[in-house]
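The values are calculated or read from the model by the stated rules, or taken from the named source; none is laboratory data. Please read all numbers here as calculations on a predicted model, not as lab measurements. For neighbour counting, all protein chains shown are included, and Cβ atoms are generated from backbone atoms with ideal geometry for every residue, glycine included. For the accessible areas, the whole protein counts, side chains as well, though only heavy atoms, and no ligand, DNA or RNA atoms are used. Shrake-Rupley method; radii C 1.70, N 1.55, O 1.52, S 1.80 Å.
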Protein chains: 2
Amino acid sequence: MSLATGAPTNIESFYKFTDDVSDPKLFESWKPKIESYLADLDKNTLPELRVSSNEIPSNLDSKIFNTINFLSNSNSLSKLEHEITESSATDLAIKISKSIYSSVDVLKAFAHRAVILQQFTNFAMDFFINEGIKRAEELDSYLLKTGKTIGPLHGLPISLKEQIGYAGKITNGGWVGWLDNIPKDDATTIKTLKKLGATFYVRTNQPQSLMHLDSNNNIIGRTRNPYNSLLTPGGSSGGEGACVAARGSVIGVGTDIGGSIRAPAAFSGCYGLRPSTRRISCFGGVSSGKGQESVVAVCGPLANTVDDIELFMKSYINEGKPWDDDQWCIPVLWRDVEKPNPKDITVAILYDDGLVKPHPPLIRGLDYVEKKLKDIGVNVIKFEPLEIKEAYNLVNEMYSCDGNFAQKEMIRPSGEPLLPLTKWALSFGNGDKMYTATENRELNYRRDALRKKYNDYFVQNKVDFIISPTYTGVAPVCINDAIAGPYYWGYTSLFNILDLPTLVFPTGLSQDPKVDIKDESYSPRSEIDKIEQDKYIPELFEGAPICFQLSSRRYFDEEVVAFGKVIEEVLKA
Amino acid sequence: MSLATGAPTNIESFYKFTDDVSDPKLFESWKPKIESYLADLDKNTLPELRVSSNEIPSNLDSKIFNTINFLSNSNSLSKLEHEITESSATDLAIKISKSIYSSVDVLKAFAHRAVILQQFTNFAMDFFINEGIKRAEELDSYLLKTGKTIGPLHGLPISLKEQIGYAGKITNGGWVGWLDNIPKDDATTIKTLKKLGATFYVRTNQPQSLMHLDSNNNIIGRTRNPYNSLLTPGGSSGGEGACVAARGSVIGVGTDIGGSIRAPAAFSGCYGLRPSTRRISCFGGVSSGKGQESVVAVCGPLANTVDDIELFMKSYINEGKPWDDDQWCIPVLWRDVEKPNPKDITVAILYDDGLVKPHPPLIRGLDYVEKKLKDIGVNVIKFEPLEIKEAYNLVNEMYSCDGNFAQKEMIRPSGEPLLPLTKWALSFGNGDKMYTATENRELNYRRDALRKKYNDYFVQNKVDFIISPTYTGVAPVCINDAIAGPYYWGYTSLFNILDLPTLVFPTGLSQDPKVDIKDESYSPRSEIDKIEQDKYIPELFEGAPICFQLSSRRYFDEEVVAFGKVIEEVLKA
């Protein structure tokens, strides 16, 4: 592969971890399990739903291919299948409840599209379409018999990040050593969604360690961005990003501790909500985060409309009552918040966090959003970077402050080789240095001081929302083990350490190599800035969506979603 | 002092901490500061409000004296002062709003009673009555001018645990080394209560380390129980317990990480709510808990009626909006919950946690409560101890898992000598052993597993509430540096590790040496059980109130308060 990607050539010099737990000999013994897993995946990617293999370019990894366009125009999907899969969840829920579509029709349509998507993007780890159809049949019978839906998500095909524990199914979280793990119980989120009527048929890809903003692992390899096959769909919920954006499911469920819902939504081009902590349950998943409370992972939805994000949140919380199964979820109902009058709203835009400068397409996108918001009367001000370096250093220390102990415990059983972005993640903060309880408390205390400053910023300046880039650029390149992948997490991890509800929204714009030319005069501020700037080779990114984050105060999730609808409208207008 | 107290004679053998940070020479240099603090306290305990010193028995520490009775019958308080101070906050708020009482009248009445109470119990660390009067005058003017109250707590005299940071006033938290600490800003809770119209005039005593269920320190010494001068009022918010129960204030504010609101309420005989975490702000206090998230301290009210507890909670949350100042507070309004129909309620009673057996007065009290509840149709079942030992060991490990680092940092600056119950607290868990971040995470994970079991217990058995003892007995003896004080925290700390909202309620019963005779046949189960049983010498406890805890699920604070009203009614009937 001779494609120039601008990848750093000296990345090893940044590594701070000292103990590489991989063990090639041990890993050999796991390869049959990987083979068997892949064979099952292949078998379950139902051949009868696939497109002919000669429709698939052989050079997906060296030439840009747009799967979204392919699917939109594909005759392999029937008119009904196009109609169904291009609908919103909100519309589908109504049409299913009125028996305009059956749950089976809907499941089959999405499953068909998902299988084709899989052929191009490798987004799925696990298909079980016939189980999904069976459940859809039950739902159809129930509706026919009772005249009622089983719940507000009746018949909606929802994709699940594989990490979320599924009873009776291998749940590996992207770690080879977990290929034997078959949970007895469903995770709270799966129980909850089942109860509400969702149908399941696909579980999606994620990176080794769950700590890349990319999705590549030693089990099924990497997932491709549906808009541009050279690029990553994001991570760690990257399979979800690809699946939802390409309408392989109508809603997806991801998790996020540093950007893992938002990078996929932004890179793949859909909506994605990182809720405040403890609203959607993370209980019952495979992760290295057990008992880690300094920066807490959240679970949340990806979808193609803000209404669908709200449908998920409101149904899950108000009717799902996850606190009956997971005491961590706060028993607080989702509030109905009206779309605000734009003239009452102040938005602060972060154009540049001062550490790593956003690439040209993002600058163009922010200018566009600013203009659109001003046009409807929103008071738009500039957000001056506030303690960005402290936030970045702090959250990175938190990720690794157990000296990477938990992460290595996940890797060790298989001895699998470490991927470059895993090595990068293990180098966060002080790498393999084990903190004491006191040192950990000091991180927490610094975090609380930071949160206080941001809370004061919102309150004292009467700022309602912050809009910011999700990453330095649009989706980066992820061929060659993603060595030109996303290194700088500062734009997303800021909102993890602050625990602010954050919605990623597409602008409708995408990168255009002719417009978004590189600023050759820019001189990087730091090594990490240089790494990120060097990768901006405009012609690699053609078609990549331009998306941003909308954040508000802790537990103002409802307000974020309500204003998200305003933004959606104005950007679609 | 030859009074037999049954105190353990071998308590040193239980100590697990290794490094006693006290430094007698250094401590000498702090004595003038203590003297000066005491002189200020004496001066500010306004002489014109005191009773004649010859009304005060000289043998308060060797003979039972009931200050509650003394105050109820005292001619030193005028009829109006009796009337005001014996009212509930809810009634006073109405009467002040109708100008039946002025805020000044109310402040003066409580201040007068508080000064006399101070003479007998030493409950206060800081009086500033004239400031309180000045504020009350402003409130009266405001009401006169506008016809409106400034907020729902307009003119209510509220006492504050001294630990809560008060702008411009020494805030020492019971540590000698903090006698120089004068915060620039009020704690969030003080700001919030000020905004709502509360008046302040007294700040109350607490133990060295804030980690005794007693209130004794090297600054002003110990506080006496208002019902029985030999006993502790509880701790760490023991000054609050004494003050509220004896009506030196109409509502008090305490904090609780192991029982520190509930032991004072139970020992002194009033209501006290340990809310779920993050509802009432702890921001801006002096403590050793910064950044510690394994078992989180809460702030909450003590009062003489459940309506008053609700008045505090609802006003503070719904109108105080503490999340504007402290991002940790969740912006979730206090819900109006109707008093439930007793016939719809299931209560599980914990008679004995299986580790340390409750003393006879508590057994009698629980039988009484059971009968009363059954009489009104409540379904009462027995709560079988669930993982009590795990909970006790775990929470004790959490308290000290920084190897007591933070605690010692608080003690070190003054070199003050360690009190026996401080030594006991430093011996919790593994004493001075510093945990790693990983070991700390393991504690958290075990805690989460425990919480899941309790949540499942409530949900699967359809149990609404658990009623339990607050401690092994009624208030223990606290003379002689409280060596016969409370050692076993298991009954209260259970609800800290579980984070369950818990209301202490008085039964109206009190210990009676003639009825509550010792069970001489009982053979202690363990050393800690023996320590607690040996102290039960019936004649020491005469008049001590019998109180219990009412707990429900996390964030079901409103339900606890609503059923608390049912219990209050049935026990008063």
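Values computed for the structure shown
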item	result
Some residue of the range B:311-328 being touching an Asp or Glu at 6+ places or on another chain (Cβ under 8 Å), more than 11 Å from chain A (Cβ to nearest Cβ) and either modelled with pLDDT under 95 or assigned to a loop (DSSP other than H, G, I, E, B) (or both)	no
In the range A:204-234, residue surrounded by the most Cβ atoms within 10 Å (Cβ to Cβ) [restricted to those that are within 16 Å of the chain's Cα centre (by Cα), of a type outside the set (Ser, Thr, Tyr) and within 15 Å of A:Ala246 (Cα to Cα)]	A:Gly234
Any hit, the range B:45-56, residues being in contact with a helix residue (DSSP H, G or I) (Cβ under 7 Å, 6 or more places away or on another chain), assigned to a helix (DSSP H, G or I) and modelled with pLDDT of 95 or more	yes
A:Ser400 away from every other protein chain (no Cβ under 14 Å) and among the hydroxyl-bearing types (Ser, Thr, Tyr)	no
Filtered residues of the range B:308-329 (kept if over 23 Å from the mean Cα position of the chain (by Cα) and either surrounded by fewer than 20 Cβ atoms within 10 Å (Cβ to Cβ) or within 17 Å of B:His154 (Cβ to Cβ) (or both))	B:Asn318, B:Glu319, B:Lys321, B:Asp324
Among residues of the range B:432-452, those that are within 8 Å of chain A (Cβ to nearest Cβ) and aliphatic (A, V, I, L, M), counted	3
Cβ pairs under 6 Å, 6+ apart, first in the range A:551-566 and within 10 Å of chain B (Cβ to nearest Cβ), second part of a helix (DSSP H, G or I)	A:Arg553/A:Phe458
Pairs, first within 17 Å of B:Phe283 (Cβ to Cβ) in the range A:439-465, second open to solvent by 40 Å² or more (accessible area, probe 1.4 Å) and in a helix (DSSP H, G or I), C-beta under 6 Å, six or more apart	A:Val459/B:Asp324
Output for the range B:444-503, where each listed residue is open to solvent by 10 Å² or more (accessible area, probe 1.4 Å), farther than 22 Å from B:Glu397 by Cβ and in a helix (DSSP H, G or I)	B:Asp456, B:Tyr457, B:Val459, B:Gln460, B:Asn480, B:Asp481
The range A:524-539: number of residues that are open to solvent by 80 Å² or more (accessible area, probe 1.4 Å) and either more than 18 Å from A:Asn10 (Cβ to Cβ) or assigned to a helix (DSSP H, G or I) (or both)	3
Wholly enclosed helices (runs of 4 or more DSSP H) of the range B:374-443 bearing at least 1 residues more than 27 Å from B:Asp353 (Cβ to Cβ) and open to solvent by 10 Å² or more (accessible area, probe 1.4 Å)	B:405-411
Total residues in the range B:343-373, condition charged (D, E, K, R), touching a residue at least 40 places away in the same chain (Cβ under 8 Å) and part of a loop (DSSP other than H, G, I, E, B)	2
Flag if B:Gly239 is in contact with a helix residue (DSSP H, G or I) (Cβ under 9 Å, 6 or more places away or on another chain) and of a type outside the set (Lys, Arg)	yes
Search result, residues across the range B:53-76 that are over 22 Å from B:Asn304 (Cα atoms), open to solvent by 80 Å² or more (accessible area, probe 1.4 Å) and within 26 Å of the chain's Cα centre (by Cα)	B:Lys63
Residue that is farther than 25 Å from A:Lys31 by Cα, of a type in the set (Ser, Thr, Tyr) and open to solvent by 10 Å² or more (accessible area, probe 1.4 Å), where the choices are A:Ser141, A:Ser159	A:Ser141
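Let's see how each residue does on (1) within 10 Å of chain B (Cβ to nearest Cβ); (2) touching a strand residue (DSSP E or B) at 6+ places or on another chain (Cβ under 7 Å):
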{"residue": "A:Leu418", "(1), (2)": "no, no"}
{"residue": "A:Trp424", "(1), (2)": "no, no"}
{"residue": "A:Ser427", "(1), (2)": "no, no"}
{"residue": "A:Tyr454", "(1), (2)": "yes, no"}
{"residue": "A:Lys462", "(1), (2)": "no, yes"}
{"residue": "A:Ile467", "(1), (2)": "no, yes"}
{"residue": "A:Ile483", "(1), (2)": "no, no"}
{"residue": "A:Trp489", "(1), (2)": "no, no"}
